[in-house]
Structure formats: structure tokens, C-alpha cells
Amino acid sequence: MIRVLVADDHKLVREGLKQILGAAADVEVAGEAADGDEALALAKANHYDLALLDMSMPGLAGIDLIKRLKLEKPALRLLVLSMHGEQQYAARALKAGASGYLTKDSAAEQLLVAIRKVAAGGVHISEAAAASLVEGGGVHAALSDREFEVLRLLAGGHGPTEIADRLHLSVKTVSTHKARILLKLGLGSTAELVRYALENDLLDD
């Protein structure tokens, strides 16, 4: 039996995932979390074979959550479920410690296959994502994970103070990250940064 922890901040999504998983005889939803902090606490307190993680949740989330879970529970297998295209996020998720990446629009058909594969020690990503990993994933692949997160938040309309609070950084550090991002991407302003993020499908829907 594969014991799964489901972490997603949308109750409807969690219910849908539980329905799909409930139909399988070899999979059990053994826990559910509405944010990253709750997911980490549950993972530390209980035994799960696999954690199914939404990439964008309140609190601890995304790459930071993957890294923390792997630090606390190295044996826990991680499968990321995201609304973002695999080409943009799969490489970072796998590098941080995830073993699979699934987009929400393909989850219904591929979820059980991906869970079984990842739980058995394999890696699950689509052919398109695998091809993009080989190609390098665009100019923003040169950004650090933190810079990438700041880029997404800036492009999403969040100000430096709000980003600082959200990522537990100082406003000065956020400004430094912004300057580095603009330099690395060859951009001259926040407006150009927003356009770049839109063109490369880096924003939440």
C-alpha cells in the first residue's frame, strides 16, 4: 500500500485528488494539508511513502518546501502537481529533490501512473519536459531558485515590502535580487520583467 500525503490549498482540488486515488486498491490518502507548513509538520510527525505537492501554496511552498521535506524526510518521495508548464518548473523541482512533476491539466489521466512510478523509485516527467531539460530551459535557467521566486512575485505585481514579508527577507535583499535578475536577463525595468515573465509563461494563471 502506498501511503500518500496530499498538499494543496484548494479544498476542491484535494477532494478531486482523493476521489482519483480512492479508486486505486494500492493507494491510500493517509494525510492532507492545506499549506506548506502543515505539510511539513505532518510529514515530520507521520510516515508517508509519497507526498503530492501543489507548487503554489500559502506559507512554505514550491522549491523551499521540496528542499525542507527532503532535509527532514530524505526517504519521502515527492511528486509535484502544478498549474505551471513543466518546461519552466520541472528542472528546478527535480534539482531540489522532487522525483516527479505533473501539470494539473494532465493529472486525471496520469496521476496514478506517476504515483506508482515515483513510489517505486522512478522519475516521472513528460517527454516535452525531458526535452526542455536537455535544451536548458531559457535564459531564466541562470537565475538562482530565490531569484526565480522574486522574479515571479515582482512580475505578479507584488511590491518589495510584500515580497520581503512573504519570503522572510529584508527589503534590501529583495532589491538586491531584483537588480541581479534584471542584469542576468538583460532587462531595463520592471515593465520589461513583467513582459518577459508573460512571454515565458512564468506567472500563475
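Observations on the structure shown:
- Among the conditions (1) within 30 Å of L198 (Cα to Cα); (2) in contact with a Lys or Arg (Cβ under 7 Å, 6 or more places away or on another chain); (3) of a type in the set (S, T, Y), the only one that Y89 does not satisfy is (2).
- Taken over segment 156-188, the residue count meeting the criterion of being surrounded by fewer than 17 Cβ atoms within 10 Å (Cβ to Cβ) and either in contact with a Cys (Cβ under 9 Å, 6 or more places away or on another chain) or more than 24 Å from L65 (Cβ to Cβ) (or both) is 7.
- Segment 102-150 - residue that is modelled with pLDDT of 80 or more and among the basic types (K, R) and, of those, farthest from L5 (Cα to Cα): R146
- Residues that are more than 20 Å from G62 (Cβ to Cβ) and among the aliphatic types (A, V, I, L, M), drawn from segment 161-193: V171, A179, L182, L183, L187, A191
- Which listed residue is out of contact with any helix residue (DSSP H, G or I) (no Cβ under 6 Å at 6 or more places or on another chain) and closer than 20 Å to A120 by Cβ, from A45, A24, A41, A30: A30
Each row is one residue, and each column tells you yes or no for (1) buried (at least 22 other Cβ atoms within 10 Å of the Cβ); (2) among the small types (G, A, S); (3) farther than 19 Å from L94 by Cα; (4) at pLDDT 95 or above.
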position: A7; (1), (2), (3), (4): yes, yes, no, yes
position: L17; (1), (2), (3), (4): yes, no, yes, no
position: I20; (1), (2), (3), (4): no, no, yes, no
position: G31; (1), (2), (3), (4): no, yes, yes, yes
position: G36; (1), (2), (3), (4): yes, yes, no, no
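- No other residue among L81, L76 is farther than 21 Å from H10 by Cα and in contact (Cβ under 8 Å) with a residue 12 or more places away in the chain apart from L76.
The values are calculated or read from the model by the stated rules, or taken from the named source; none is laboratory data. Just so we're clear, the structure is a prediction, and the values are computed from it rather than from any experiment. Ideal geometry is used to build each Cβ from the backbone, glycine not excepted, and the neighbour counts take in all protein chains shown.
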